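The values are calculated or read from the model by the stated rules, or taken from the named source; none is laboratory data. Note that the structure is a prediction, hence the values are computed from the model and not measured. Note: ideal-geometry Cβ built from the backbone for every residue, glycine included; neighbour counts use all protein chains shown.
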Amino acid sequence: MESVDVVALKNVTADIAAGEFVAIMGHSGSGKSTLLNLLGCLDTPDSGSYHLDGNEVSRLGSDALARIRNRKIGFVFQNFNLLPRTTAEENVELPLYYGDPMRSSERRKRAQSLLARLGLEGRMQHHPGQLSGGQQQRVAIARALVNQPPLILADEPTGNLDSRSADDIMALFQELNREGITIVMVTHEPDIAKYAKRIIQMKDGEIL
């Protein structure tokens, strides 16, 4: 069978400054998730370049990219991606095992502090199945923040939430952004995109 090249992104040029809150919008297949994966160093471009924090990263090896993801980027997903058999606290601690060595007491203290800040003081020892969707997403956000990254990437972060929980999560993103964290979020919902300071519209792999 003859292979066919599929171009997910073409002629994409974008600058996102530190401290911005950007929403990427577009219909299914527009390339928005592919763009987010490139920004998160989960994929590498076939051509072109990507500079993150002033450094060209598109040609780095897998180990170097893994270090960047761990130290500079926090990820928030639509499906939460929490480990079902571990507690909220243990889920938040997980990224700390892949960075610089840290005492277990310090990992626990940092996780508990974040969970408390996000309103989960009484839920730290609960498993994901014992939490509501909004609470699970708060655990996921705490996990994304635990390494104190300057950049948060969120892929449809409210897609599995009711409207009230979605508004709560977006208010939290706005608060984090006011504190200086850069946030780039993919969404197809205009009501969610309005929380961002800038909207990038995509269609057929291009930025409109």
**OP:** From the list 180, 159, pick out the single residue that is over 19 Å from residue 119 (Cβ atoms), of a type outside the set (Lys, Arg) and at pLDDT below 95.
**Re:** 159
Subject >> Subset of region 70-88 (residues that are crowded, with 17+ Cβ neighbours inside 10 Å and in contact with a Leu (Cβ under 8 Å, 6 or more places away or on another chain)) >> reply: 72, 73, 74, 75, 76, 88
Subject >> Search result, residues across region 89-129 that are within 18 Å of the chain's Cα centre (by Cα), assigned to a helix (DSSP H, G or I) and surrounded by 13 or more Cβ atoms within 10 Å (Cβ to Cβ) >> reply: 91, 92, 93, 94, 95, 96, 111, 114, 115
Original post:
Of all residues in region 116-140, which are among the hydrophobic types (A, V, I, L, M, F, W, C), within 21 Å of residue 185 (Cβ to Cβ) and modelled with pLDDT of 95 or more?
Top reply: 139, 140
Subject >> Residue list for region 163-204, restricted to those being of a type in the set (Gly, Ala, Ser) and more than 26 Å from residue 72 (Cβ to Cβ) >> reply: 163, 165, 166
**OP:** Please find, within region 79-116, the residue that is nearest to residue 158 (Cα to Cα) out of those that are without any contact (Cβ under 8 Å) to a residue 24 or more places away in the chain and of a type in the set (D, E, K, R).
**Re:** 90
**OP:** Count, please, the residues in region 53-68 that happen to be over 19 Å from residue 8 (Cα atoms) and either in a strand (DSSP E or B) or hydroxyl-bearing (Ser, Thr, Tyr) (or both).
**Re:** 3
Subject >> Enumeration of residues in region 26-52 that are assigned to a loop (DSSP other than H, G, I, E, B) and surrounded by 13 or more Cβ atoms within 10 Å (Cβ to Cβ) >> reply: 26, 29, 30, 31, 40, 41, 42, 43, 44, 45, 50
**OP:** Scan region 148-163 and give yes if some residue there is assigned to a helix (DSSP H, G or I) and buried (at least 17 other Cβ atoms within 10 Å of the Cβ), otherwise no.
**Re:** no
**OP:** Starting from region 177-197, take each residue that is in contact (Cβ under 8 Å) with a residue 40 or more places away in the chain and under 19 Å from residue 33 (Cα atoms) and list its partners that are part of a helix (DSSP H, G or I) and hydroxyl-bearing (Ser, Thr, Tyr), counting only C-beta distances under 9 angstrom and pairs at least six apart or across chains.
**Re:** 186/33
Subject >> Single condition residue 23 does not satisfy, out of (1) surrounded by 16 or more Cβ atoms within 10 Å (Cβ to Cβ); (2) in contact (Cβ under 8 Å) with a residue 24 or more places away in the chain; (3) of a type in the set (Gly, Ala, Ser); (4) in a loop (DSSP other than H, G, I, E, B) >> reply: (4)
Original post:
For residue 8, are the conditions met, namely being in contact (Cβ under 8 Å) with a residue 24 or more places away in the chain, farther than 17 Å from residue 185 by Cβ and in contact with a helix residue (DSSP H, G or I) (Cβ under 7 Å, 6 or more places away or on another chain)?
Top reply: yes
**OP:** Take the residues in region 1-20 that are at pLDDT 85 or above and small (Gly, Ala, Ser), then tell me which one is surrounded by the most Cβ atoms within 10 Å (Cβ to Cβ).
**Re:** 19
Original post:
Condition test on residue 67, is it over 15 Å from residue 154 (Cα atoms), among the charged types (D, E, K, R), surrounded by 13 or more Cβ atoms within 10 Å (Cβ to Cβ) and under 20 Å from the mean Cα position of the chain (by Cα)?
Top reply: yes
Subject >> Cross-chain or 6+ apart pairs with Cβ under 7 Å, region 139-160 first and in contact (Cβ under 8 Å) with a residue 12 or more places away in the chain and of a type in the set (Asp, Glu), then buried (at least 21 other Cβ atoms within 10 Å of the Cβ) and not in a strand (DSSP E or B) >> reply: 156/187
